[in-house]
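Q: A single structure is presented below for examination.
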Amino acid sequence: MQELIPLNKLLLSASNVRKTQNAAKDEQLSHDIEARGLLQNLVVTKSKKRGHYDVICGGRRLRAMTLIVARGAWRADQEVACKLLVANEAETTETSLAENFQRDEMTPAEEVQAFQHFIGVDGDTAAVAKRFGVERRFVEGRLRLAALAEPIFEQFAAGKMSIELAKAYASTDQHEVQTRVFERMHRSYGGDSPDAVRRLIADGSTRGNDSLALLVGEDAYTAAGGRIERDLFSETADDRWLDREIIEGLVNTKLQAEAERLLAETGLGAIWPVAGSAVWNVRQEMKLKSVALPPAPLSEEAQARIEAIQGRLGAICDEIEALDEESPEAAELDAEYDRLQEEMEDLSTSRMELPDEWKSEVGKFLLVTATGEMVLDSDYYSEKLLRMERDEEGNVSGGTFELPRGSGENKPSLPEATGPGGKAYSARLFDELALQRRNILAANLLNDPALALDYAIFAMAEGIARTGLSNTGTTIRAPHPQDAILSSNLPTGMAEEIMAGAFDALDKTWCDGANEVDRFMAFRELDDDTKAAWIAYTMARSLEAKKGYAAGYNPIHAQLGTLLNVEPAAMWRPTAANYFDRVSKGTILSLLQEIGGVDLSNRYASSKKTEIAVSCEKMFAGDVIVEDEIKQRALAWVPPAMRFELDADFSGDLDGQDDKGCDPDGLEDENYDDLDIDDVGDDRDERSGDLDPDINDNLTEQNSPEDAESYASA
């Protein structure tokens, strides 16, 4: 029975099976109902509270309409169309479950096509977004998806492409770019991924949150004719600015204007604008020297205050001697002494100050921060070597100027192996001095963890980025693991392509330095994200496949895989070459039974192993028409040896072999009991041709008694 019931008489029933709430979606639904009215009746029963009704179907709609009332758009007694159900508690719960359980959502492709049709009729994107309770960017994103290049949308509409991957392709509206990336990625080993697609599409553009883009500002950039391609499915910061030349021109104009203003304001000899935050390479090119400022002399006021404090400290000591050390008066004097002592130390601390006579000879860099702000570097630089001089009273000030006398100036000198007078130290003494010098450096390095981290990353990156001999002065290294099998003998897969691409993308500009010191200082100028990329690649490259040559895996790798939510099936699929040809026919049939039952296994039981391997390669890649459940299990399957599972088997000692250990020569031994002799012969004929008649003699020679004794002794 249909009834119109005032909204303020409706209550949410405890029998409503939907318990979770989403405030954002409720808000979105409220705008839709406000624009179009209630499209689907609520289902209610009479409440125990007189004059009220319990809503068993339509809890979200009820909350949404309550929000409309809260906004003042509806009256509290707005009449709502309801279907009145007369039923007991069990029947009401079943009705609520049926309504929610039997609901079938539109596919993403149907949704975007519907938006495209609706906008084609209405034409007002902003109005449509308001009526549906979503941002205009959401509607524009759906239209972008509907306008994907034809081969991509066909995959999307057929359910062969996730909406996240479709969004990645739709991050550009240029069909030729979409198609080029699709052709490249679709045929790549292991398929494509949203992140990889976005990286290829964004190649050569500037992100909206780049420091230079933030400095210029979108309004100035577009006013100068700059083009922006919106990524409608992520943050505004992921929009791509396509015209790099316009960005650089606007940046140079702003930096130059600010540099001229600061030059007049500071009275310095130069302000050097840099479109970034790294100055090491610029310093090298301009041959600039870092300037060490002399300490400023104490003012007369500071000197007088220090003398007064010293007098008071002496008086406090005299007063305390006449008091009981445990008395409150003594405690107050102790506290006063500490305060005055701290004040005197602060006044006595030398402040570095730029002498007036140096101003015309020094300059500062004008930098662009990560947030797009222009700031002056805190350090001073000069083309000359500036000396500090001390007068007869001990005051330090800027003195005469000296030009560099050679390229070796301003670089740390190596410790001399000779003592005063030019006599060489003994080797033992020089070694002892070197060790003590090293220990002093180590003790001081403890106080600067950031510098220590830079040094550690540099030491590891140096060994990777440079092939020549390099001595970084530390034992920290990240050598390539000694794998049991050469990487060149492995099939190249998606993971290997990602690692190679990551190395190519690393910033290697610091490698151009002439020596370790220059390269280290250039490395320190890199931003944190660039250093983080180096440490991530270095650690990734250093991973060992197994614990030495033992069979067991390192449990830390399993834990890492768990923390990273690694899905091996997304990057590796079994093929004839990398798996099925390497195991027995019986193992393959057991696997087919595991994913598809006895019927699937029997379907291939009479086939030859080579035929099964080829068929399985296609099946486990999703290229064979089979039942959907079997297809999903096949696409998700990887061998146990490829999984990242930390369980009881990994908690024990993995350094030795046990009854679960793998055969070090392969995944497993061929189980010839599962094969008939015809299959073995066919495999031999198809893969290797006739066997070498001398092979048995060779095997006999290799397993002679003398060899056995030598193996045993080894």
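The values are calculated or read from the model by the stated rules, or taken from the named source; none is laboratory data. What you see is a predicted model, and the numbers here were worked out from it, not measured in a lab. Note: ideal-geometry Cβ built from the backbone for every residue, glycine included; neighbour counts use all protein chains shown. Please note that ligands, DNA and RNA were not included when accessible areas were found on the heavy atoms of the full protein model with its side chains. Shrake-Rupley method; radii C 1.70, N 1.55, O 1.52, S 1.80 Å.
Q: Sorted by average packing, counted as other Cβ atoms within 10 angstrom per residue and highest first, what order do 618-626, 573-581, 138-146 take?
A: Taking the mean over residues of other Cβ atoms within 10 Å, the ranking is 138-146, 573-581, 618-626.
Q: Sort 585, 359, 25 by accessible area with a 1.4 Å probe, largest first.
A: 25, 359, 585
Q: Given charges of +1 on the Cβ of Lys and Arg and -1 on the Cβ of Asp and Glu, with all other atoms neutral, how large is the dipole of the range 211-368 about its Cα centre, in debye to the nearest 20?
A: 1880
Q: Using the Kirkwood radius built from alpha carbon pairs, what does the Stokes-Einstein equation give as D for the range 263-315 at 37 °C and 0.692 mPa s, in µm² per second?
A: Calculated translational D: 210 µm²/s.
Q: Modelled label-to-label distance, residue 248 and residue 218, 7 Å Cα→beta-carbon offset: nm?
A: Computed distance between label sites residue 248 and residue 218 equals 2.5 nm.
Q: If r is the Cβ-Cβ distance from residue 47 to residue 564 and R0 is 60 Å, what FRET efficiency results, to the nearest 0.05?
A: Working from the Cβ atoms, E equals 0.75.
Q: Counting only Cα, what are the radius of gyration and maximum Cα-Cα distance Dmax of the range 1-86, in Å?
A: 12.1, 33
Q: Okay, next question. Enumerate the residues in the range 281-312 having an amide nitrogen under 16 Å from the point lying 7 Å beyond the Cα of residue 353 toward its Cβ.
A: 293-306
Q: Return, ordered by residue number, the residues of the range 194-228 whose backbone nitrogen is under 13 Å from a label point located 7 Å along Cα→Cβ of residue 621.
A: Zone members listed by number: none at all.
Q: Take every Cα-Cα pair in the range 226-345 and report what % of them are more than 18 Å apart.
A: Counting pairs separated by more than 18 Å, the tail of P(r) holds 76 percent.
Q: Let me see the pair-distance distribution of the range 299-390: every alpha carbon pair, 10 Å bin width, integer percents in order.
A: Calculated over all Cα pairs of the range 299-390, the distribution is 13, 25, 19, 18, 14, 10, 1 percent.
Q: For a label point 7 angstrom out from the Cα of residue 107 toward its Cβ, which stretches of the range 196-224 have the backbone nitrogen within less than 13 Å?
A: What the label zone holds, given the 13 Å backbone N cut-off, is no residue at all.
Q: Note the full-extension length gain between residue 209 and residue 385 as 0.36 nm times their separation in residues minus their Cα-Cα distance, in nm to one decimal.
A: 59.4 nm
Q: Report the percentage of all Cα-Cα pairs in the range 598-644 whose separation exceeds 18 Å, rounded to a whole percent.
A: 33
Q: Next question, about the same structure. For the range 217-366, with the dipole built from +1 on Lys and Arg beta-carbon atoms and -1 on Asp and Glu ones, taken about the Cα centre, which of 344, 317, 296 lies farthest toward the positive end?
A: 296
Q: Which length gain, in nm to one decimal place, applies between residue 83 and residue 336 when the Cα-Cα distance is subtracted from 0.36 nm times their residue separation?
A: Here the segment from residue 83 to residue 336 would lengthen by 83.0 nm.
Q: Going by average Cβ density within 10 Å per residue, which order do the peptides 147-156, 366-375 take, highest to lowest?
A: Result, highest mean first: 147-156, 366-375.
Q: Show me, for the range 248-253, the HN-Hα J-couplings you get by feeding each phi into the Karplus relation (A = 6.51, B = -1.76, C = 1.60, θ = phi - 60°), rounded to Hz, glycine and proline as x.
A: In residue order, the calculated couplings are 5, x, 5, 5, 4, 5 Hz.
Q: Given 0.36 nm per residue, what is the gain on full extension from residue 536 to residue 264 after removing their alpha carbon distance, in nm?
A: Extending this stretch completely gives an extra 93.5 nm.
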